[in-house]
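One structure is given below, encoded as structure tokens.
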Amino acid sequence: MQDAVTKNYFELFELPVTFDIDLNVLTQRYRELQHAVHPDKFANATDRERMLAVQQTSLINEAHTSLKDPLLRARYMLSLAGVDITNEPETVMDTEFLMQQMELREQLAEIKGSQDALTNLDNFMANVKSELKKRIQTLSELLSDLNTETQKQAYALTQQMQFLYKLQSEAEQIEETLL
Amino acid sequence: MALLQIAEPGESTAPHQHKLAIGIDLGTTNSLVATVRSGLAETLADENDEHLMPSVVQYTADSIVIGKTARDNSVNDPMNTLHSIKRLMGRGFAEIQATANHFPYEFSQTDSAVPRIKTVRGDVSAIEVSAEILKSLTTRAEQALGGELTGAVITVPAYFDDAQRQATKDAARLAGLKVLRLLNEPTAAAVAYGLDRGSEGVHVIYDLGGGTFDISILRLTRGVFEVLSTAGDSALGGDDLDQAIANWLIDEAKLDISHNEQLHRQLLDAAKAAKESLTDAQQAEIQLTLPDGEQWQATLSHEKFNELVDPIIKKSLLPCRRALRDAGIELDDIEDIVMVGGSTRVPRVRELVEGFFKQPLLVDIDPDKVVAIGASIQADVLAGNKPDDDMLLLDVLPLSLGLETMGGLVEKVIPRNTTIPVARAQDFTTFKDGQTAMSIHVLQGDRELVDDCRSLAHFELRGIPQMVAGAARIRITFQVDADGLLEVSAREETSQVESRIQVKPSYGLTDNEVEAMLRDSFDYAADDMQLRMLREQQVEADRVIEALQAALQQDGDALLSQDERQTIDSAVQSLIDARQGESVEAIKQAIEDVDKATAEYAQRRMDASINKAMSGHKLEEFE
């Protein structure tokens, strides 16, 4: 019997280690596990069991968060494959992406002061979303066939996605100031 | 079985017995208590058949008056009659000064982080005032139910931060009430509505109370209430509508309310009455007795009222938008919008909210009672009265938690809307060669600068072994429990130096202060205090014995060897013996021994539970 702490997140939910997981199955198993370990199920148990329940539920929540989101899932898969993802990004960004980044940033800065800023912001966010989507598709292909070369490419993609996520949250912050 | 003998006559602890548990809605303006009786959740009334108890406490020289009587006395004794005290929970002196126009009371600044209000009965903190309200509701429940309570679920605004939650829990402790859970108000409302209708899907709960605003978005699937996001404003509510009308009256009648608390209270009461009458009427007549004795009259039209309150109501729509985005859902995905809190009776609130969500609102459960009812349903489950119930509430952290880093910036450790309980760790390192201590500042909020977030606590990690700058690896772990309360621990990884603290909020009471208040509030003689502590330990011992007994019966044979079983049995027997004696220390020690003896067993039970939950899937895969 293997205990929960030593299982990887995929094993915890009895899922195959693959990028294209069935999110419905993940959610369903997440709920089943919550029923088994949530602290509210141990309201009358000993302090020791309640403490364990808090820890186990925290672990399951963490696992669920990591698998639910495509970027976090990709990073987690890379870490399982032994890629050190805790390091700050080495600047191996390809120049094309860097140019695109700068462009997007400029766009965002212009939107801030523009007329009809809200509509422009909506368009901008849709654009970032589609950029993210493209990368998720490529990630799925790369992660299904892991070797040193695909690992490297996948890692670079997760870094790009990180930038796009950041841009997205900046756009959201601007939106809040506009409302 | 021998274990059953511990129950005293008439005090059976047999598992099938119905436990008395209550849900309390500790509101800004009104508070309620509810319970589940014969399968039906209902609020409990006082002897005058009133369900709502005004959250007002009057301190006089020789007594403490609570509820409606206190509220009726407030115009005559404004400085000693405390209203809307919930807005002060977990707040510091400076923050209260910033909203001073809401509070006519005189504050005294002491060494304590918790501000005190001056009354004729001495200085009191918001926590003590809240404890009085809780005590009064508990008494009402005990009289109605005829017995001692197992515990209570107390609701808090979803948007309450750690300091405000801790303050609420401290108030319950002062009131001698065991907290089964702090439950978020919108989640409680969802429970009341969801179970009533059995409706699945995404629900929005818009909760505008007297002093707080919450918006929560939940998904209900087969008894699981999963909060997807929450947002709000813990200082926005019906009080602000009253204040806006009162300000208008001040302008219109050219009044000066400084140093005239009686007039201020009169204005607020008149404003509130006008607001309430505008629920049905097209205009409200307002009459005031001015300081010079003159009668002053005005008409507040519907249009004028809307103009006064619109900016306040609109403040609630930005959090709505943020919650939708954080939940990742569109307007079309929403099943229904549930309106909760007395302030949602204001037609203008309904109009603007309906306009925002572009769909009709659900208003059919009494918006004042729905939170207490939901809390009582959860209390009933947690007390163990419904062992086969599959209801489960998965809540989220309302505001990000972080640490101060260089330059007055906040490094987020857990972002808002993360499902709780949650644990996250972050590594830091030393800044100077030979640095042996590190100061850690814990903050809550979503802004980037320390000054824009709320300070929760400071603590120090000492005894870091001397190393060159950047060599030490200090891992700081944040653990948030199901109540939304944070515990922080820190550890230097290379030397294993550990420092653990319960986050005592920068605006909270220390353990010593709570102890002192406990002693003062009950005016216990030393003997009484001793007796109370003994009783508490005995209750705890009973709980431990009962829990273990149930567990062993369930899977003791499957998970334990004979030797292991014997060790546990003998520890339990020692606890049973200690329980019959009168030594607090001996019972405490025996509980600790049982805890140690069952540590491995508890872990195995947890693993077995997980394996059982997942076992069906393994079978499927072999088929």
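The values are calculated or read from the model by the stated rules, or taken from the named source; none is laboratory data. Because the structure is predicted, anything quoted here is derived from the model rather than measured. All Cβ positions, even for glycine, are placed from backbone atoms using ideal geometry, and neighbour counts span all protein chains on display. Just the protein is used for accessible areas: all its heavy atoms, side chains included, with ligands, DNA and RNA removed. Shrake-Rupley method; radii C 1.70, N 1.55, O 1.52, S 1.80 Å.
If you go through segment B:55-68 one residue at a time, do you hit one that is over 24 Å from B:Gly508 (Cα atoms), assigned to a loop (DSSP other than H, G, I, E, B), open to solvent by 30 Å² or more (accessible area, probe 1.4 Å) and without any contact (Cβ under 8 Å) to a residue 60 or more places away in the chain?
yes
Step by step: first the residues of segment B:266-306, then only those that are among the basic types (Lys, Arg) and open to solvent by 40 Å² or more (accessible area, probe 1.4 Å), then the one that is nearest to B:Glu351 (Cα to Cα). Which residue is that?
It comes out as B:Lys304.
If only one of B:Leu52, B:Leu32, B:Leu44, B:Leu3 is closer than 24 Å to B:Ala188 by Cα and either open to solvent by 20 Å² or more (accessible area, probe 1.4 Å) or at pLDDT below 90 (or both), which one is it?
Exactly one of B:Leu52, B:Leu32, B:Leu44, B:Leu3 is closer than 24 Å to B:Ala188 by Cα and either open to solvent by 20 Å² or more (accessible area, probe 1.4 Å) or at pLDDT below 90 (or both), namely B:Leu52.
Suppose the filter is at positive phi and either surrounded by fewer than 20 Cβ atoms within 10 Å (Cβ to Cβ) or in contact with a Phe, Trp or Tyr (Cβ under 9 Å, 6 or more places away or on another chain) (or both); does B:Ser84 pass it? It would help to see each step written out before you state the result.
On the way: at positive phi: yes; either surrounded by fewer than 20 Cβ atoms within 10 Å (Cβ to Cβ) or in contact with a Phe, Trp or Tyr (Cβ under 9 Å, 6 or more places away or on another chain) (or both): yes.
Taking the combined requirement at face value, the residue satisfies it.
So, in segment B:584-609, of the ones that are free of Cβ contacts under 8 Å to residues at least 24 places away in the same chain and more than 14 Å from every other protein chain (Cβ to nearest Cβ), which residue ends up farthest from the chain's Cα centre (by Cα)?
Filtering segment B:584-609 for residues that are free of Cβ contacts under 8 Å to residues at least 24 places away in the same chain and more than 14 Å from every other protein chain (Cβ to nearest Cβ), the one farthest from the chain's Cα centre (by Cα) comes out as B:Ala586.
Which of the residues that make up segment B:544-567 are open to solvent by less than 20 Å² (accessible area, probe 1.4 Å) and either away from chain A (no Cβ under 14 Å) or farther than 23 Å from B:Asn611 by Cβ (or both)? Even if it seems obvious, please write down each step before you answer.
At the first step, the residues of segment B:544-567 found to be open to solvent by less than 20 Å² (accessible area, probe 1.4 Å) are B:544-545, B:547-548, B:551-552, B:556.
Correct list: B:Val544, B:Ile545.
Just to be sure I understand, how many residues within segment B:151-188 are within 9 Å of the chain's Cα centre (by Cα), in a helix (DSSP H, G or I) and within 14 Å of another protein chain (Cβ to nearest Cβ)?
Total satisfying the criteria: 0.
Among the listed residues A:Thr158, A:Thr138, identify the single one that is open to solvent by 20 Å² or more (accessible area, probe 1.4 Å) and part of a helix (DSSP H, G or I).
A:Thr138
Looking only at segment B:395-418, which residues are over 15 Å from B:Asn184 (Cα atoms), open to solvent by less than 30 Å² (accessible area, probe 1.4 Å) and away from chain A (no Cβ under 11 Å)?
Result: B:Ser400, B:Leu401, B:Gly402, B:Leu403, B:Gly408, B:Val410, B:Val413.
State all residues of segment B:427-449 that are crowded, with 16+ Cβ neighbours inside 10 Å, outside any loop (DSSP other than H, G, I, E, B) and within 14 Å of chain A (Cβ to nearest Cβ); if no residue qualifies, say none.
B:Phe428
Out of all the residues in segment A:79-92, is one or more closer than 30 Å to B:Arg473 by Cα and part of a helix (DSSP H, G or I)?
Yes, there is a match, as at least one residue in segment A:79-92 is closer than 30 Å to B:Arg473 by Cα and part of a helix (DSSP H, G or I).
Within segment B:107-118, can one find any residue that is part of a loop (DSSP other than H, G, I, E, B) and under 14 Å from B:Glu261 (Cβ atoms)?
Yes; the residues of segment B:107-118 include at least one that is part of a loop (DSSP other than H, G, I, E, B) and under 14 Å from B:Glu261 (Cβ atoms).
Starting from residues that are within 13 Å of chain A (Cβ to nearest Cβ) and not in a helix (DSSP H, G or I), keep the ones in segment B:360-386 and report whichever is nearest to the chain's Cα centre (by Cα).
Looking at residues that are within 13 Å of chain A (Cβ to nearest Cβ) and not in a helix (DSSP H, G or I), I get B:Ala383.
Residue-by-condition table, conditions (1) at pLDDT 95 or above; (2) among the polar types (S, T, N, Q); (3) touching a helix residue (DSSP H, G or I) at 6+ places or on another chain (Cβ under 7 Å):
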{"site": "B:Lys304", "(1), (2), (3)": "no, no, no"}
{"site": "B:Arg321", "(1), (2), (3)": "no, no, no"}
{"site": "B:Arg325", "(1), (2), (3)": "no, no, yes"}
{"site": "B:Ile329", "(1), (2), (3)": "no, no, no"}
{"site": "B:Asp336", "(1), (2), (3)": "no, no, no"}
{"site": "B:Gly341", "(1), (2), (3)": "no, no, no"}
{"site": "B:Pro347", "(1), (2), (3)": "no, no, no"}
{"site": "B:Val353", "(1), (2), (3)": "yes, no, no"}
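Before we move on, is A:Leu59 of a type outside the set (Asp, Glu) and at pLDDT 90 or above?
yes
What tally of residues in segment A:46-85 results from selecting those that are touching a residue at least 24 places away in the same chain (Cβ under 8 Å), of a type in the set (Gly, Ala, Ser) and either within 14 Å of chain B (Cβ to nearest Cβ) or open to solvent by 50 Å² or more (accessible area, probe 1.4 Å) (or both)?
So the answer is 2.
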